[in-house]
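Peer 1: Submitted below is the structure of interest, expressed as structure tokens.
Quick note: the coordinates plus some simple rules give every number you see, no bench work behind them. Model, not experiment: these values are computed from the prediction. Every residue, glycine among them, receives a Cβ derived from its backbone with ideal geometry; neighbour counts consider all protein chains shown.
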Amino acid sequence: MGYYTRVLTTEETCVSVEELRRVLQKAGFAAVLDIEDGDSEDWEQLTLKHPDGLEIASIERNPVSADSLGAEELEEFESELEDARPPSGTDWLRSFFPRVRCIYAFQHLSGTESKQGCEILSALKNSIWSRSAAIIQADGEGFTNEDGYHILWQFSDQVSGSWWMGVHRDGRWAHFQMDLGDRSHREAFWRGEIPQGAKMA
């Protein structure tokens, strides 16, 4: 199956391959973007590679419409929210999902681990995310809000380190940095509260 990150965007228009190549060029990355299915203006699958052919990621574009793969993905995400925390984050996601018109799925391959592969992939992903109202999902982590702050706990119990988070309170987002390994920080976030001692954004 592999590890995936996804951009769930409210924009229907396909981001052209030429635009994505310009993103890479402007960032100074010598990476190759091959079309596997479709054409430059309306593609369904791309492969991102280093110049030597080492594959960084397989990228799928799944428009959301009735009975589409994108719609099925949204249904799966919706079902995973049943026991997710905090409740305020799941409620906000349920209100956002109906606005999603396309899902860009990035399967991370071995090339992410060498020669700035992770940075190259992030440049493409962030360029799509920043075009319009969109959120990011990462396997084993959860979802962000439109500002890029993490709003849902789907980490393993062994996770540690600092992470930028967001809780939705009184119709607004509060953003902060918490210690994922601190039990008191975790429990506060699960309740939809700002952990004591957290660094505010």
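Peer 1: Treating cross-link reach as a plain straight distance, find the lysines whose alpha-carbon is under 27 Å from the alpha-carbon of K26, omitting any fewer than eight places away in the same chain.
Peer 2: Within the straight-line limit of under 27 Å, K26 reaches these lysines: K49, K115, K125.
Peer 1: At most 13 other Cβ atoms within 10 Å and a DSSP loop assignment: could you name the GluC sites (Glu not before Pro) in region 1-102 that fit?
Peer 2: Those that pass, being in a loop and sparsely packed, are E12, E41, E82.
Peer 1: At 37 °C and a viscosity of 0.692 mPa s, what translational diffusion coefficient does Stokes-Einstein give for region 10-52, taking Rh as the Kirkwood radius over Cα pairs? Give it in µm²/s as a whole number.
Peer 2: The calculation lands on 299 µm²/s.
Peer 1: Please check: in the Gaussian network model of the chain (C-alpha springs, under 10 Å), which one of Q158, Q107, Q177 has the largest mean-square fluctuation.
Peer 2: Per the Cα network of the chain with a 10 Å cutoff, Q158 tops the list.
Peer 1: Still on this structure, please answer the following. Would you look at the GNM of the chain, springs on alpha carbons closer than 10 Å, and say which of P63, P86, P98 moves the most?
Peer 2: P98
Peer 1: Take the Cα of S122, step 7 Å along the line toward its Cβ, and report every residue of region 39-80 whose backbone nitrogen sits under 20 Å from that point.
Peer 2: Only 48-51, 55-59 fall inside the zone, counting backbone N under 20 Å.
Peer 1: What are the radius of gyration and Dmax of the chain, computed over its Cα atoms and given in Å?
Peer 2: 17.5, 51
Peer 1: Check R169: other-chain or 5+ apart residues with amide H under 5 Å from its amide H, H built from backbone geometry?
Peer 2: Counting only residues 5 or more places away or on other chains, the set is A174.
Peer 1: In whole Å, what is the distance between the alpha-carbon centres of region 159-201 and region 134-151?
Peer 2: 14 Å
Peer 1: Same structure again: So what J values fall out for region 190-201 if you push phi through Karplus, 6.51 cos²θ - 1.76 cosθ + 1.60 with θ = phi - 60°, rounded to Hz, Gly and Pro as x?
Peer 2: Values, residue by residue: 4, 7, x, 10, 7, x, 5, x, 5, 8, 6, 6 Hz.
Peer 1: A further question follows. Compute the relative contact order of region 155-201 as a whole-number percentage, counting only Cα pairs closer than 8 Å that sit 6 or more residues apart in sequence.
Peer 2: For region 155-201, the relative contact order is 34 percent.
Peer 1: Please give, to one decimal in nm, the separation of the simple spin-label points placed at E80 and R172, each 7 Å out from Cα toward the Cβ.
Peer 2: 3.1 nm
Peer 1: Expressed as a whole number of Å, what is the distance separating the alpha-carbon centroids of region 100-118 and region 1-78?
Peer 2: 9 Å
Peer 1: What would the Debye equation give as log₁₀ I(q)/I(0) for region 35-107 at q = 0.11 Å⁻¹, counting only Cα atoms as equal point scatterers?
Peer 2: Results for region 35-107 at q = 0.11 Å⁻¹ read -0.39.
Peer 1: Charges at C-beta only: +1 for Lys and Arg, -1 for Asp and Glu. How large is the resulting dipole of the chain about its Cα centre, in Debye rounded to 20?
Peer 2: 1000 debye
Peer 1: Kirkwood hydrodynamic radius for region 107-177: how many Å is it when counted over pairs of different Cα atoms?
Peer 2: It works out to 13.8 Å.
Peer 1: Run the numbers on the chain and let me know its relative contact order in percent, using alpha-carbon pairs under 8 Å that are six or more apart.
Peer 2: The value is 23 percent.
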